[in-house]
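Worksheet: one structure, shown below.
The values are calculated or read from the model by the stated rules, or taken from the named source; none is laboratory data. Quick caveat, the model's predicted, so the values are computed rather than measured. Using ideal geometry, Cβ is built from the backbone for each residue, glycine included, and neighbour counts are taken over all protein chains shown. The area values use the complete protein model at the heavy-atom level, side chains included, leaving out ligands, DNA and RNA. Shrake-Rupley method; radii C 1.70, N 1.55, O 1.52, S 1.80 Å.
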2 protein chains.
Amino acid sequence: MYRAPVSEISHTLKHTVDFSAAMEKGRFGEEVSEDLVDAILDEAARFANEEMTPLGPNGDRDGVSVKDGTVTTAEGWADLYRRWIEGGWNAITGPEDFGGQGLPMALGLAVAEMWNSASVAFSLCPTLTMGAVEALEAHGTDELKAIYLEKLVSGEWTGTMNLTEPQAGSDLAALKAKAEPAGDGTYRIFGQKIYITYGEHDFTDNIVHLVLARLPDAPAGTRGISLFLVPKFIPNEDGTPGTRNDVYCHSVEHKLGIHGSPTCTMIYGDGKFGDEAGAIGWLIGEENRGLNCMFTMMNNARLLVGLEGVAIAEAAYQKALAYAEERRQGKAPGWDGQGMAPIVLHPDVRRNLLTMKALTGAARAICYACGIAIDLSHDPHGVSARGAASGAEGEADDTSKWSARANLLTPIAKAFSTDVGVDVANVGIQVHGGMGYVEETGAARLLRDARIAPIYEGTNGIQAIDLVMRKLPLADGRAVHDYIVELRQIAEKAGQSNTQALGATGERLTRALDDLDEVTTWLQERLQAGEHDIALAGATPYLRQFGLTAGGCYLAKGAMAGSGEGQAALARFFAENVLSETASLKDRVMTGAPSLSAAAEHALVTG
Amino acid sequence: MYRAPVSEISHTLKHTVDFSAAMEKGRFGEEVSEDLVDAILDEAARFANEEMTPLGPNGDRDGVSVKDGTVTTAEGWADLYRRWIEGGWNAITGPEDFGGQGLPMALGLAVAEMWNSASVAFSLCPTLTMGAVEALEAHGTDELKAIYLEKLVSGEWTGTMNLTEPQAGSDLAALKAKAEPAGDGTYRIFGQKIYITYGEHDFTDNIVHLVLARLPDAPAGTRGISLFLVPKFIPNEDGTPGTRNDVYCHSVEHKLGIHGSPTCTMIYGDGKFGDEAGAIGWLIGEENRGLNCMFTMMNNARLLVGLEGVAIAEAAYQKALAYAEERRQGKAPGWDGQGMAPIVLHPDVRRNLLTMKALTGAARAICYACGIAIDLSHDPHGVSARGAASGAEGEADDTSKWSARANLLTPIAKAFSTDVGVDVANVGIQVHGGMGYVEETGAARLLRDARIAPIYEGTNGIQAIDLVMRKLPLADGRAVHDYIVELRQIAEKAGQSNTQALGATGERLTRALDDLDEVTTWLQERLQAGEHDIALAGATPYLRQFGLTAGGCYLAKGAMAGSGEGQAALARFFAENVLSETASLKDRVMTGAPSLSAAAEHALVTG
């Protein structure tokens, strides 16, 4: 059974990604103290361990049922949600003007990791609500904010993101949902959206849909998409849910995992709850600028999806370790106890467990580092440099730097961590042997739940393309090199460290950073030369190379800031057993493209 | 929908692993001709495509139900099984004296790949029967053979392997099932066995269980285990099923995948179908030598499980390719057609598809090569050198060589191929994007079905240990180096080839073979020095290094023997994009052990 790893989470947050240093500089305001952080982590751990974890498997078992557009969630989940929002958990990072606690994103991530370890399927609901809060806060009118924000911040109502249509997945340019101005300031929305997470449920008495659609005169492509707020029930003057809007859940998907989370096909404006005049919606942001508004929420949603990978990996690791300590088979080197040895002592099992733990820790640090960067991209007065055009003038250098850092790290946090989630859950099954294949054990569920994260919020292939095509050029290409320079300081310190337990960590990290530097420059040159196909061919191996290298540095940094031998041993294991993959990835990026393109025409044929 | 890739299977069999050369030398007898092979492959493809593939998903959907010990399989499966055995498919490799066609193992593998692509869950049933045939043929008394073999060869009855008990999985020394001599030449069997594939079903009117159990005076450990034949119904004089024996299916597992295959807990001798005097069994082989007998069937079962990985990978590749050719999203480099490009043209998707296909082809060749080695380990008169003690005198050198080759390749075929099955099915989901996570698509089922293969028939960790500890020392360590020398000939030929399409294949293979040679020798030195813990720590990365290197060589060999540009392009893609992982694996084997053992005590702690 999952137990929130509070000291690891706390150490990673405070020391590996420098939350404490920023806090001491007053970057998070005076209210945020070490005591407050500890209290929040402890209390969240209690809720995750005692209240959420035991109910997690219900979602997998019960799934969701849909009847006449009404969705029923798993046994105990609606009540769990109510207790969870009563605890104030939905509001911790929300804006203070609307009842939120305004705590840093990075702290919110640390807490969200626990919810996601307990149940990703459950936690998706507040993840989506958080996105709606961000989009509304950044782009909504004061009137819309007044009506919706407080309820979304508290979690009394939940939010959704409606992007995908059957023909428009990774390529939103193809979307067809329509919006027509009604003449009274509202719009009428028509269309079908698929894969809408928590598009319908029984947790709350209203649901606020954010919907991408095209206005009649909109330009083709992505510059003709607008964002609308479409509530399930149109709020009355007093804020209570009023008239039912013409939007409903047509069906839910039968999925590999996250069974507890309803994945809905949503129908807008077909007349089931209205007069076929369309679902009523309100514009968010400017007309035809909907994608920009959506990106506000998508960036953070990507990070939160990356965190799902971390969270599942942690849960899978704990489960596998517990099994390996209990299960006894065979004789292990050095085992002199009675009878068979616990399988944790077999070198091959230990390799699996250490790989699981090292990858989990690396991904955690990357996600938290991205969270801190988002926090520091806000100036102390709460204005973010991130949403602004790159190189916007008038922002403090510091916030611009952190904004670029957040943008750089987001695709890595998303893709690297979700791949780690799948890989670690997969190895977790293996550690269990035959028991891992039996659903009762729960190890298989973690793989099933993990498998969606590399797909949604932009597939990991899309993230890799984003990293190469949009993030490497940031700040004229300097943003990424500045980051590598920072990582080099960790490697140098590890190399100079007297901690024998770190082994060859410093040397290994330096070599990996040399490679990363070289490949990064090479890719930037390809982009400048207009050789996009070559750059794109190497995008996925490059992203993993980046993730492994950064992750290895963070593990070493955490170890040097910590006192436990375990941290140093783990950082060393990563450096000496995991990190070597980066050399092979470098080779794929820099020499792989010709055979990739040469093979295009003939090699894929089946026969 | 899966279509058996007949020309690829045929080319791999005939030319990549030299079936044709052996056939022309008359190694398979006069009856085996090119025409016969082609006719069998074509007819098997027809049955797989038209009759088996459409019913495959039923197993996943319906699962199996158990009531009062009676198991009902999926809609249409019992009938499918009857049509399949009526087609003579169960008998193709069976002994001619008992109604089999006595065809080569390698040809049987080629055909079995098709069944497994169509449905692993279905095909497990004959896989297990084949194991029972082999054990009985090699170790059974003439009387037992006369009663059972013909029916098992035809598939009129099926066979099972009963090894695992709750406390005895990888370590069979711990097994507790008991066998007591009844005084009349039979034995009485008591105990519980778990994870018994097709332990009960509705395909046939009798089931023949092969069961490991301990005699009362047996020594402890693996030298005190005997093998027994325990039929569900004791045959009458006329060969029809007679009295019900006291063995039954207590329950079936709720598994991640292969839902169509009943995974049974079997109870022996508890009195449900008898007087508590035990289930009646007959000894196979000598008392206390049961494990040796079981290994006869386990070796080939391991290879067949490896083939499951190949088969699922092939099915996953075909499904992903079909989707990628149809699905359109975004603009791809070089796309000048109307609207969005088929996603197969996006470099990142193409990388995924080529990786899937290249790994599948590599694993296929390794499995077939292992099959050919088994065939050639039989002398032309049908006696196998393989089961005999290593270095047995009186066998032709040639059969001894092939016996060692089969033994060497078996763990690689099993573990590398089943890892490939999981990896390829996993990437297949990714190619489908959101559709991959929805069960209707079928991509997710392939991952669920694939996930068992790295676990059963000896986990892949056990295979790696087997490779390092038992197979590297074969023939005083020469067997493995002789094999590497053979692979070098392929690399040299590729390097000298004028086929531009092969790119740097020769050079890349040579480098990988240099590494494999070096690591192999290094591991052998560790074993000789008694440094078993170091050797064990590197076992898993070494096995993968071996598989990738051998697989890359086979792809190149197949390409040089073939005429299609696609084969050369694929071999090159493997050499230039996949193979580089071997350098990292070498590093893990040779430098990874110290950090693995250093991390033992502290790094695994959770907090």
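Key figures
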item	result
Rounded, prolate or oblate (a/c below 1.5 giving rounded, otherwise prolate when a/b exceeds b/c) for region B:172-311 by Cα gyration tensor	oblate
Average beta-carbon neighbours from other chains, 10 Å sphere, peptide B:317-329	2
Solvent-accessible area lost in complex, 10 Å² minimum, residues of region B:163-189 relative to chain alone, 1.4 Å	B:166, B:167, B:169, B:170, B:171, B:174
Beta bridge orientation in chain A: antiparallel %, DSSP, nearest 5	85
Shielding of B:190-196 by partner chains, average beta-carbon count, 10 Å	1
At 7 Å out from Cα toward Cβ: residue A:176 inter-copy label distances (nm, ascending)	6.4
Residue closest to axis [chain A; rotation mapping onto B; Cβ; Å]	A:584, 2
Estimated FRET transfer efficiency (residue B:143, residue A:251; beta-carbon r; R0 60 Å; 0.05)	0.50
Expected 222 nm ellipticity per residue - DSSP helices of 4 or more, -39500 (n - 2.57), all of chain B, to 500	-16500 deg cm²/dmol
Sparse-neighbour loop sites [trypsin sites (Lys or Arg not before Pro); region A:224-262; at most 11 other C-beta within 10 Å; DSSP]	none
Residue B:159 long-range amide H proximity, modeled H, under 5 Å	B:129, B:208
Those lysines that a straight Cα-Cα span of less than 20 Å connects to residue B:178, excepting residues fewer than 8 apart in one chain	B:193, B:232, B:272
Percent RCO, i.e. relative contact order, over chain A, from Cα pairs under 8 Å lying at least 6 residues apart	13
Using θ = phi - 60° and Karplus 6.51 cos²θ - 1.76 cosθ + 1.60, couplings along region B:101-118 (whole Hz; Gly, Pro as x)	8, x, 6, x, 3, 4, 5, x, 5, 4, 6, 5, 4, 5, 4, 6, 5, 5
Teacher prompt: residue B:379 distances to equivalent labels in other copies, 7 Å Cα→Cβ, nm	9.1
Accessible surface of chain B, 1.4 Å probe, proportion on carbon and sulfur as whole %	48
Cross-link pairs A:14/A:319; B:14/B:151; B:357/B:414; B:331/B:586 - those with Cα-Cα distance over 28 Å	B:14/B:151; B:331/B:586
Per-residue HN-Hα couplings for region A:215-221 [Karplus 6.51, -1.76, 1.60; θ = phi - 60°; Hz; x = Gly/Pro]	6, x, 9, 6, x, 5, x
Residue-span extension gain [residue B:217 to residue B:486] - 0.36 nm each, minus C-alpha spacing	92.0 nm
Region A:434-458-region A:149-202 distance, computed between alpha-carbon centres (Å)	28
Span per principal axis, largest first, for the Cα atoms of the protein assembly as shown (Å)	91, 63, 60
Copies compared at residue A:476 - label distances in nm, ascending, label defined 7 Å from Cα in the Cβ direction	7.0
Cβ-isolated cysteines (cut-off 4.7 Å), chain B	B:125, B:293, B:367, B:370, B:553
Overall dimensions of region A:429-500 as given by Cα atoms, namely Rg and Dmax in Å	20.2, 53
Set of aspartates and glutamates near residue B:471 by C-alpha distance (under 16 Å), chain-local residues within fewer than 8 positions excluded	B:482, B:517, B:525
Mean Cβ neighbour count within 10 Å, used as a protection proxy, ranking A:308-314, B:372-378, A:138-144, A:363-369 highest first	A:308-314, A:363-369, B:372-378, A:138-144
Set of region A:45-84 residues, backbone N closer than 11 Å to the point 7 Å along the Cα-Cβ line of residue A:244	A:68-70
Loop-resident sites, region A:1-48, for trypsin sites (Lys or Arg not before Pro), counting at most 15 other Cβ within 10 Å (DSSP)	A:25
For region A:119-230: rounded, prolate or oblate by the Cα gyration tensor [a/c cutoff 1.5]	oblate
P(r) histogram, all alpha-carbon pairs of region A:1-458 included - 10 Å bins from 0, percent	4, 21, 31, 25, 13, 4, 1, 0, 0
Distant-in-sequence amide H partners of residue B:233 (H built 1.01 Å from N, under 5 Å)	B:207, B:245
Spin-label zone in region B:567-590 - amide nitrogen under 20 Å from a point set 7 Å from the Cα of residue B:493 along the C-beta vector	B:567-576
Cα extents of region B:459-597 along the three principal axes, largest first (Å)	48, 30, 25
GluC sites (Glu not before Pro) restricted to region A:2-59 and DSSP loop, no more than 12 other C-beta within 10 Å	A:30, A:31
Estimated inter-spin distance, residue A:176 and residue B:1, nm [label 7 Å along Cα→Cβ]	2.7
